[in-house]
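Working notes for the structure below.
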Amino acid sequence: MTLRLSVIGTGYLGATHAACMSFLGFEVVGLDTDPAKVALLAQGKVPFYEPELEELLAQEIASGRLTFTTDINAVADCDVHFICVGTPQKAGSLAADLTYVDASLDAVARVAKNGSLVVGKSTVPVGTAARLRARLQEINPGADLAWNPEFLREGFAVDDTLRPNRLVVGVTSDAAENILKEVYASNLKDGTPWVRADLPTAELVKVAANSFLATKISFINAMAEICEAAGGDVTVLAQAIGYDPRIGNRFLQAGIGFGGGCLPKDIRAFMARAQELGADQALEFLREIDSINLRARQRVIELVRKDLGENLQGKRVAVLGAAFKPDSDDVRDSPALDIAAQIHAAGADVVIFDPKANESAAKRFPALTYVSSAEECFQGADIVLHLTEWKQFRELDPAQLKGLVKTPIIIDGRNALNREAWKAAGWHFRALGRADS
């Protein structure tokens, strides 16, 4: 008999997981406390932008395998319950807020049938799974808990779910592992690596991976600072060290740093948990990683002042990009939007164009001006900032755009544009970690 699955929490992670599990042939019930979100998803619509997801969601709704509800009793006969709720950073603290995780566990524990498995996918501080398992078995001794961290990349979430590069399961029994092997049978058939771990290790895998990626990004941004001081070129430096297979060239693109809803809050929560465990010295380096990342944003603002002067009052600044990364409308802790907001606060007239994130950015910073095309964004600009590396920005014609601006100055905050092409078209081109031109 095919397993019946529930997905608790239908935000970015939950909606994606629910649609993909349905695509794999399971009957899936998505549960959320937000009636408006549930109604939207039930119509096959996604309240955020993620390539391929809305089409997949509509297809699976039509198949009859995927439904959404606000009624906890609707998941009572499910065999596996995936907890996919958010773990935001606590206000006034580095630690993760586990309110939604705890509430989800309590709710599903009260209705889960005997022999069912609750599976955490949310990113949580190490030790949370063991605590939740004890709580689950206190309420419902017939159910068990496992941890199966997610490794989704925004912009590639559907592919990462259907074709993951590894599957990590934290379990305390063979029975729990066997249930998860049944869930992921198609992935195992395709040869996806399977890692069985204890609960603490499974929790640590996600935050360790994010910490490593954050370290690599901040490392190359630190090298960009050195290159600027020494007259070097960080793009050539990155290319050279990237040929070393021990290093690799991924995440070695110097720029304004990382953002989004995962990396910043995950490394901060990791530091907070390490301190609680008495192992804070082991992660002290992450404080500098966070500092370097935030400093990269300030360095762009310094370059703007270098070209426009200390007084930005009345200057028109064109900003390409608001999302924290391309192929996403996510503006949580977005370096691009943070820079734009700070420049606006200094008195500049900031005009933003993002192919997908204008609406979500406007909700966060309504005082900024949002336009519907790059050409409109460039019109009359004293300076242009390239802050999110959308493909269409790399394909812009610098010669055509030069006639639209007041002053042809561009700062490439992502080191993704063709510097020579922009220079040849008569632009003054700046980028972090590279000599002025």
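So which pairs qualify, if the first residue must be in the range 109-137 and part of a strand (DSSP E or B), the second must be modelled with pLDDT of 95 or more and among the charged types (D, E, K, R), the Cβ gap must be under 9 Å, and the two must be at least 6 apart or on different chains?
Leu117/Asp79; Leu117/Asp144; Val118/Arg133; Val118/Asp144; Gly120/Glu203
Can Thr388 be described as within 22 Å of Val304 (Cα to Cα), among the hydroxyl-bearing types (Ser, Thr, Tyr), under 24 Å from the mean Cα position of the chain (by Cα) and at pLDDT 95 or above? Lay out the reasoning, then the answer.
Numbers: within 22 Å of Val304 (Cα to Cα): yes; among the hydroxyl-bearing types (Ser, Thr, Tyr): yes; under 24 Å from the mean Cα position of the chain (by Cα): yes; at pLDDT 95 or above: yes.
So Thr388 fits the description; yes.
Give the residue, chosen from Ala208, Ala197, Ala185, that is touching a strand residue (DSSP E or B) at 6+ places or on another chain (Cβ under 7 Å) and small (Gly, Ala, Ser). So that I can check it myself, show each step before the final result.
Numbers: Ala208 fails: touching a strand residue (DSSP E or B) at 6+ places or on another chain (Cβ under 7 Å); Ala185 fails: touching a strand residue (DSSP E or B) at 6+ places or on another chain (Cβ under 7 Å).
When all the criteria are applied, what remains is Ala197.
Quick one: is Asp106 in contact (Cβ under 8 Å) with a residue 24 or more places away in the chain, assigned to a helix (DSSP H, G or I) and surrounded by fewer than 15 Cβ atoms within 10 Å (Cβ to Cβ)? Spell out how you get there, then give the answer.
Values: in contact (Cβ under 8 Å) with a residue 24 or more places away in the chain: yes; assigned to a helix (DSSP H, G or I): yes; surrounded by fewer than 15 Cβ atoms within 10 Å (Cβ to Cβ): yes.
Yes.
Can you tell me which residue in the range 110-147 is surrounded by the most Cβ atoms within 10 Å (Cβ to Cβ), limited to those that are in contact with a Lys or Arg (Cβ under 9 Å, 6 or more places away or on another chain) and more than 28 Å from Gly278 (Cβ to Cβ)?
This residue is Val118.
Restrict the check to the range 357-378 and report whether at least one residue is surrounded by 16 or more Cβ atoms within 10 Å (Cβ to Cβ), in a loop (DSSP other than H, G, I, E, B) and not hydrophobic (A, V, I, L, M, F, W, C).
So far as the range 357-378 goes, no, none of its residues is surrounded by 16 or more Cβ atoms within 10 Å (Cβ to Cβ), in a loop (DSSP other than H, G, I, E, B) and not hydrophobic (A, V, I, L, M, F, W, C).
Test each condition in (1) within 21 Å of Asp106 (Cβ to Cβ); (2) assigned to a helix (DSSP H, G or I) for Gly30 and report the one that comes out false.
(2)
This table checks each residue for (1) surrounded by 19 or more Cβ atoms within 10 Å (Cβ to Cβ); (2) closer than 15 Å to Gln89 by Cβ; (3) small (Gly, Ala, Ser).
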{"residue": "Ile256", "(1), (2), (3)": "yes, no, no"}
{"residue": "Phe270", "(1), (2), (3)": "yes, yes, no"}
{"residue": "Ile289", "(1), (2), (3)": "yes, no, no"}
{"residue": "Leu294", "(1), (2), (3)": "no, yes, no"}
{"residue": "Asp307", "(1), (2), (3)": "no, no, no"}
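I'd like the full set of residues that are without any contact (Cβ under 8 Å) to a residue 40 or more places away in the chain and of a type in the set (Asp, Glu), limited to the range 40-70. Let's see the steps before the verdict.
We begin by selecting, within the range 40-70, every residue without any contact (Cβ under 8 Å) to a residue 40 or more places away in the chain; these are 40-47, 54-55, 58-59, 61-62, 64, 67, 70.
Listed by number, the residues that qualify are Glu54, Glu55.
Any residue in the range 75-86 that is modelled with pLDDT of 95 or more and part of a helix (DSSP H, G or I)?
yes
Can you tell me which residue is nearest to the chain's Cα centre (by Cα) among those in the range 310-329 that are under 15 Å from Asp349 (Cβ atoms) and not aliphatic (A, V, I, L, M)?
Arg316
Being in contact with an Asp or Glu (Cβ under 9 Å, 6 or more places away or on another chain) and free of Cβ contacts under 8 Å to residues at least 60 places away in the same chain is the filter here, so list the residues in the range 19-39 that pass it.
Ser22, Val28, Leu31, Val38
How many of the residues making up the range 124-148 are out of contact with any Asp or Glu (no Cβ under 7 Å at 6 or more places or on another chain), polar (S, T, N, Q) and more than 16 Å from Ile8 (Cα to Cα)?
Here the count works out to 2.
The values are calculated or read from the model by the stated rules, or taken from the named source; none is laboratory data. These numbers come from a predicted model, not from an experiment. Neighbour counts run over all protein chains shown; Cβ positions are idealised from the backbone, glycine included.
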